[in-house]
Amino acid sequence: MSADSTAQSTPPPVVQVRDMDFCYGASKALFDINLKVEYHRVTALIGPSGCGKSTLLRCINRMNDRVPSARVTKGEVLVKGKNIHDADVDLTQLRKQVGMVFQKSNPFPKSIYENVAYGLRIHGEKNKSVLDEAVERSLTHAALWEELKDRLHANALALSGGQQQRLCIARAIATVPDVLLMDEPCSALDPISTLKIEELMHQLAREFTVVIVTHNMQQAVRVSDYTAFLHLGKLVEFAPTEELFTNPREKLTDSYLRGTFS
Amino acid sequence: MTSLPTPSRPPLRSVLLRSRKHTILGFDPQKLIKYFFGSNASVAIIVLVLIMVFLLREGIDFLPTYQRELQTYRRAGLEFCDIIDQPLQRNQALSSSLRQAVSASLETLSKPARDRRDAAFLLKRRVEDKTLRPRESLTQVLEKTPPEPEQIEVLRRELGAASAAAAKALDYPAFFSTAEREQMQREFSALTPEVTDLPPLLLTLVEEFNAKDREARTQFAELVTAQEEFEEAAEPLQEVLDELKAKALETKEKAVEFEVLETNRQRLLEAAATETDPKEKASLTKEAEESVAEAANLEESTREITSRTGELREQVEKYAVVIEKAAAVLPKDAGTGAARKMVNDVREKIPEHAREMRAAAATLEGWRWDKPVSIFRVIGAFFFGTQWITNSSWQDFYGFVPLLTGSLVIAAIAILIATPVSVVAAIYTNQFASEREKELIKPVIEFIQAIPSVVLGFIGISLVGDLIKDVSEWSWLQWVPGFPIQERLNMFNAGCLLAFMAVPTMFSLSEDALNNVPRAYIDASDALGATKLQTVFRVIVPAGISGILSAILLGLGRVVGETMVVLLVAGNRIAIPDFSAGPGVIFQPAHTLTGIIAQELGEVSRGSSHWQALFMVGIVLFAISLLVNWCARAVARRFEPHKA
């Protein structure tokens, strides 16, 4: 695929999906997926509804494990070179390394501080100064610190929708993951909040590797370095964003981008 | 297209007015349906208001009625007597502790002898029981005239054989020597109906015991005499008091009688006033005039009582001196540890009792028969009264505290047991159970609700009561306060059953609360790498806490209002539980707000003060239920997370 050529000069990918098939029970949802996610880059997954982009995203932190009949039937997923389905992989550690932000903001009904500190607390961090420091750092990264530093102990559910989503980002990055998965993070937000989050993503890419699912192609253009186009469970094309959008190799990609998709 | 005919439309006017065409009795059917639904919804509210009005109407008269009764209680001098009589009640409690201490002390010496005597009597009784039939036949034949010597002889032999067999089959306790066993066997074989004297060995045993008992009494002479002195000390005082009480009671009866006659007279006069027929009117007036009763001269009667204040005070003082002396000579050593503890306890309490008596005597002078009883005092006497005494020949008291305490303690026990069980079960079912387990657990727990409470009461009486009693007698559980328990029917038993009844409510509501926790919270927690337990206890339970708390409160409401089980199982002793027993207090019997209404309302005459008092209890119960439910709602609102 096209991504192979660009991967030559860069360090080994942080996430690598190799020849993966994925099934929900008897029905196959993903076919023979190959994907490499580069360090400190934003990778966008686009495609029509039901194409399997969210499923692919959830394969990376094994969130699909919670669906009883869902499983990877072929191939493997490597995070930092380690097959995440190996028997010795600790799921809690994997999810600490691979954070996730959901489509709909879902802060806990706790204080802002407790929301951000939650990830550290469940991994056994009790030291108050460490927690304080992590909360400040994460909220700063999420561009919330200035807004919220005076009311860290207010209930998180009192925040606006955009703030809640950024709080969720802060919560996800508090444990310093290598990869941050974002599942249509802006789809429930107004344009201003969306803009703020898109700005945030560029900054986040300096510290983390971001994989974002989006149904909004302009957003993919704005925020991502690489774009993967999925269709009916198959990875049609994976290329640097500019290349994919200006000069798609596949006809299917071209027609999807033009909107003349049947 | 144009060839198609345009369907004809009805004229606009008729379309607009169509709704007017169908009316029922001049009403728009749409509105009628709306009103019908609305009225159904409001029926509940109307009924609730009616219940409140009815309860208040019946109960509110209680206060003036009780006020009148307390007024009479004072005016007739009953209150005067109670000033001394109430504290004197403690004399009995102290006496009984002393008696127990004495018998425990005596037993240290006389117990073996007594056991031997009792065992021998028991054995004799067994032989007699076993040979009942031949003996009865013999007795009948012996009574016959003329006597039939031959038949007597046959029956006598038969009885002898039966007795011998029975005596031989007896299981003789080890403390009888072989010689004694043989002697007993011989003597029991020779038992005949006409000889009523005890067999010689039994006589010896009785004598042995008496000797030991005498010996013990001399050894513990100090204790024995102190106990006797203490018991006798109250007698002269009690004598004076009884005299006064009789007098007061007589006065009270007169006063009550007069009141009844007077009310009747007033009614006659009222009837006469409204009567139009002059003849009838005259007859009513006449009847009223005839029934004029002489009012009891309360002042004179009470003066008779109060004139003896000096004598009474003197007696109290004498009593106090005597018991203090008795306390001083109470020996330090008693036969057993338990007895020593009791004696020490009594010694400590006697000065306090004497002080109390003297203080009571001092207030006698300040007592006035004609001081009015204020309404606040009546309210206090109801809400803070510690006695609920009805159908008494002396004076009825309607004190609320014993019932409230019973209800509260039982409810607290029930909630303490039911909360962990139902909440933990709800967490398990909602979060950990497989689908199949859910299908089993939920209907089974919800089925408990279908068990009639009277059946649970049965179970409490027959099964739980025995179980608790048996368990409380296990030797390795004796460290539990209150063990071994005295009463099978007690507050703990009732609390257990009420907990069982509250579990379905609390379980279902808690489970709902957990179920309502948004899925997104769980997603977020999982995505951060939380384990299942961390997610449950750090996210799901805190998010559902308002629902869980309100489930607990609604369970409390259910428990407080429950009647049948407490009536059957709580033991129904109307007294404030003795909290000095520590946590063991839960094994005491008690009565409850609900139980007392169910038990007594059917037996009292309508409109009497007792009837009204029960309605007052009902009002308070109603208020408590409202409060608990309101709290449940408030809690649900207070902790409700903002809708995400």
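Each reported figure results from applying straightforward, stated rules to the coordinates on display, with no laboratory input. Keep in mind it's a predicted model, so treat the numbers as computed, not measured. Glycine gets a Cβ as well: all are built from the backbone with ideal geometry, and neighbour counts include every protein chain shown.
Bin width 20 Å, alpha-carbon pairs only: give the P(r) of chain B as whole percents, running from 0 to the bin holding the largest distance.
12, 28, 31, 21, 6, 2, 1
For residue A:21, which sequence-distant residues (separation of 5 or more, or a different chain) have an amide H within less than 5 Å of its own amide H, given hydrogens modelled in the peptide plane?
Correct list: A:32, A:33, A:73, A:74, A:75.
Could you work out the mean count of beta carbons from other protein chains within 10 Å of each residue's beta carbon in A:96-104? Write down the numbers at each step before the final one.
Numbers: counts 3, 1, 2, 3, 5, 2, 4, 2, 4.
The mean count of partner-chain Cβ atoms within 10 Å per residue comes to 3.
Of A:52, B:288, B:227, whose Cα points farthest to the positive end of the dipole of the protein assembly as shown (charges on the beta-carbon: +1 Lys, Arg; -1 Asp, Glu; origin at the Cα centre)?
A:52
Run the numbers on the range B:401-638 and let me know its relative contact order in percent, using alpha-carbon pairs under 8 Å that are six or more apart. Before the final figure, lay out the partial values.
Values: 348 pairs, mean separation 71.9, N = 238.
It rounds to 30 percent for the range B:401-638.
Packing-wise, with mean Cβ within 10 Å as the measure, how do B:114-124, B:209-219, B:37-47 rank, highest first? Present the calculation step by step, with values, prior to reporting the outcome.
On the way: B:114-124: 17.2, B:209-219: 15.4, B:37-47: 9.5.
So the peptides B:114-124, B:209-219, B:37-47, ranked by packing, come out B:114-124, B:209-219, B:37-47.
Would you please state which residues of the range B:296-314 a label at residue B:370 would reach in this model, taking the label point 7 Å out along Cα→Cβ and a backbone N cut-off of under 20 Å?
In the range B:296-314, the label zone of residue B:370 (backbone N under 20 Å from the point 7 Å along Cα→Cβ) covers B:296-309.
Can you compute 3J(HN,Hα) from phi for each residue in the range B:343-351, using the Karplus curve 6.51 cos²θ - 1.76 cosθ + 1.60 with θ = phi - 60°, rounded to whole Hz and x for Gly and Pro?
4, 4, 4, 5, 4, 5, 7, 4, x
Roughly how many nanometres apart are two label points built 7 Å out from the Cα toward the Cβ at residue A:251 and residue B:119?
Going from the residue A:251 label point to the residue B:119 one covers 11.2 nm.
Counting only other chains, and only Cβ atoms inside 10 Å, what mean value do you get across the residues of B:515-523? Present the calculation step by step, with values, prior to reporting the outcome.
Working: counts 0, 0, 1, 4, 1, 8, 5, 2, 8.
Mean shielding by partner chains, rounded to a whole number: 3.
If you rank A:104, B:438 by fewest surrounding Cβ atoms within 10 Å, what's the result?
Details: A:104 18, B:438 15.
Placing the least packed residue first, the sequence is B:438, A:104.
Between residue B:475 and residue B:333, what length in nm is gained on full extension when 0.36 nm per residue of separation is reduced by their alpha carbon distance? Show your work: numbers first, answer last.
Working: separation 142, 0.36 × 142 = 51.12 nm, distance 2.76 nm.
Once the chain is fully extended between residue B:475 and residue B:333, it gains 48.4 nm.
Taking amide H positions as placed 1.01 Å from N in the peptide plane, with prolines and chain starts having none, which residues 5 or more places from residue A:70, or on another chain, fall under 5 Å of its amide H?
Under 5 Å from the amide H of residue A:70 lie the amide H atoms of A:25, each far enough along the sequence or on another chain.
State to the nearest 20 debye the size of the charge dipole of the range B:252-375 about its Cα centre, where the only charges are +1 on K and R beta carbons and -1 on D and E beta carbons.
That gives the range B:252-375 a dipole magnitude of about 1040 debye.
If the chain between residue B:532 and residue B:34 were fully stretched, how many nm would it gain, using 0.36 nm times the residue separation less the Cα-Cα distance?
Values: separation 498, 0.36 × 498 = 179.28 nm, distance 4.95 nm.
Using 0.36 nm per residue and subtracting the Cα-Cα distance, I get 174.3 nm.
Run down the aspartates and glutamates and flag those whose C-alpha is under 15 Å from the C-alpha of residue A:149, throwing out any fewer than 8 positions away in its chain.
A:114, A:132, A:133, A:136
Just going by the charge dipole of the protein assembly as shown, with Lys and Arg at +1 and Asp and Glu at -1 on Cβ, which of B:139, A:202, B:97 is farthest out on the positive end?
The residue sitting farthest along the positive end of the dipole is A:202.
Could you work out how far apart the two model spin labels at residue B:432 and residue B:158 are, taking each label as a point 7 Å from the Cα in the direction of the beta carbon, and quote it in nm?
Distance between the two pseudo-spin positions: 7.2 nm.
For residue A:230, which sequence-distant residues (separation of 5 or more, or a different chain) have an amide H within less than 5 Å of its own amide H, given hydrogens modelled in the peptide plane?
A:46, A:47, A:236
How do B:333, A:254 rank when sorted from fewest to most other Cβ atoms within 10 Å of their own Cβ? Display every interim value, and only then the final one.
On the way: B:333 11, A:254 15.
Result, fewest neighbours first: B:333, A:254.
Which aspartates and glutamates, if any, have their Cα less than 13 Å from the Cα of residue B:469, not counting same-chain residues under 8 positions apart?
Counting by Cα, and skipping residues close in sequence, residue B:469 has these aspartates and glutamates nearby: B:487.
Relative contact order of chain B, please, whole-number percent, based on alpha carbon pairs below 8 angstrom and at least 6 residues apart. Intermediate values should be presented prior to the final figure.
Details: 730 pairs, mean separation 101.5, N = 644.
Reported relative contact order: 16 percent.
What residue among B:588, B:636, B:66 has its Cα farthest toward the positive end of the dipole of the protein assembly as shown, where the charges are +1 on Lys, Arg and -1 on Asp, Glu, each on the Cβ?
It is B:636, whose Cα lies furthest towards the positive end.
So if each residue of separation counts as 0.36 nm, and I subtract the Cα-Cα distance between residue B:27 and residue B:603, what length gain in nm does that give?
Details: separation 576, 0.36 × 576 = 207.36 nm, distance 5.15 nm.
The span from residue B:27 to residue B:603 would gain 202.2 nm if fully extended.
On a 0 to 90 degree scale, rounded to 10, what angle separates helix B:78-130 from the longest Cα axis of chain B?
60 degrees
Which entries in the list A:110/A:196; B:254/B:325; A:36/A:104 go over 30 Å, if you measure between the two C-alpha atoms of each? Don't skip to the answer; put the middle values down first.
Numbers: A:110/A:196 24 Å; B:254/B:325 42 Å; A:36/A:104 27 Å.
Violating the 30 Å limit, Cα to Cα: B:254/B:325.
Could you check the simple spin-label distance between residue B:139 and residue B:181, using points 7 Å along Cα→Cβ, in nm with one decimal?
Modelled inter-label distance: 3.1 nm.
How shielded is A:159-165 by partner chains, expressed as the average number of their Cβ atoms within 10 Å of its Cβ atoms? Intermediate values should be presented prior to the final figure.
On the way: counts 1, 0, 0, 0, 0, 1, 0.
Taking the mean over all residues of the peptide, I get 0.
At a Förster distance of 60 Å, what's the computed FRET efficiency of residue B:439 paired with residue B:240, Cβ-Cβ distance as r, to 0.05? Could the numbers behind the result be given before it?
Working: r = 76 Å, r/R0 = 1.26.
Rounded to the nearest 0.05, the efficiency is 0.20.
Between their Cα atoms, which of B:245/B:318; A:53/B:438; B:247/B:371; B:252/B:318 are more than 23 Å away from each other? Kindly include the intermediate steps, with their values, before the conclusion.
Details: B:245/B:318 20 Å; A:53/B:438 34 Å; B:247/B:371 20 Å; B:252/B:318 29 Å.
Correct reply: A:53/B:438; B:252/B:318.
Which lysines, on any chain, are close to residue B:130 with Cα under 27 Å apart, when same-chain ones fewer than 8 places away are left out?
Filter leaves B:144, B:168.
Determine ³J(HN,Hα), in whole Hz, for all residues of the range A:148-161 in sequence, where each value follows from phi through the Karplus function 6.51 cos²θ - 1.76 cosθ + 1.60 and θ = phi - 60°; x replaces Gly and Pro.
10, 4, 8, 9, 5, 9, 7, 5, 5, 6, 7, 6, 6, x
Please give the FRET efficiency for residue B:358 paired with residue B:269, using the beta carbon to beta carbon distance and R0 = 56 Å, rounded to the nearest 0.05.
Values: r = 51 Å, r/R0 = 0.90.
In this case the efficiency is close to 0.65.
Got the relative contact order for the range B:95-221 handy, in percent, Cα pairs under 8 Å and 6 or more residues apart?
Details: 91 pairs, mean separation 47.5, N = 127.
Dividing the mean separation by the residue count of the range B:95-221 yields 37 percent.
Ranked highest first by average number of other Cβ atoms within 10 Å, how do B:160-168, A:54-62 line up?
Values: B:160-168: 17.3, A:54-62: 22.8.
Packing proxy ranking, top to bottom: A:54-62, B:160-168.
Using the Kirkwood radius over Cα pairs, work out the Stokes-Einstein diffusion coefficient for the protein assembly as shown at 20 °C and 1.002 mPa s, in µm²/s as a whole number.
Details: Rh = 38.1 Å.
The Stokes-Einstein estimate is 56 µm²/s.
Which ³J(HN,Hα) values, rounded to whole Hz and listed in residue order, are derived for the range B:157-173 from phi using the Karplus coefficients 6.51, -1.76 and 1.60 in 6.51 cos²θ - 1.76 cosθ + 1.60 with θ = phi - 60°, glycine and proline given as x?
5, 4, 4, x, 4, 4, 4, 4, 4, 5, 5, 6, 6, 5, 9, 7, x
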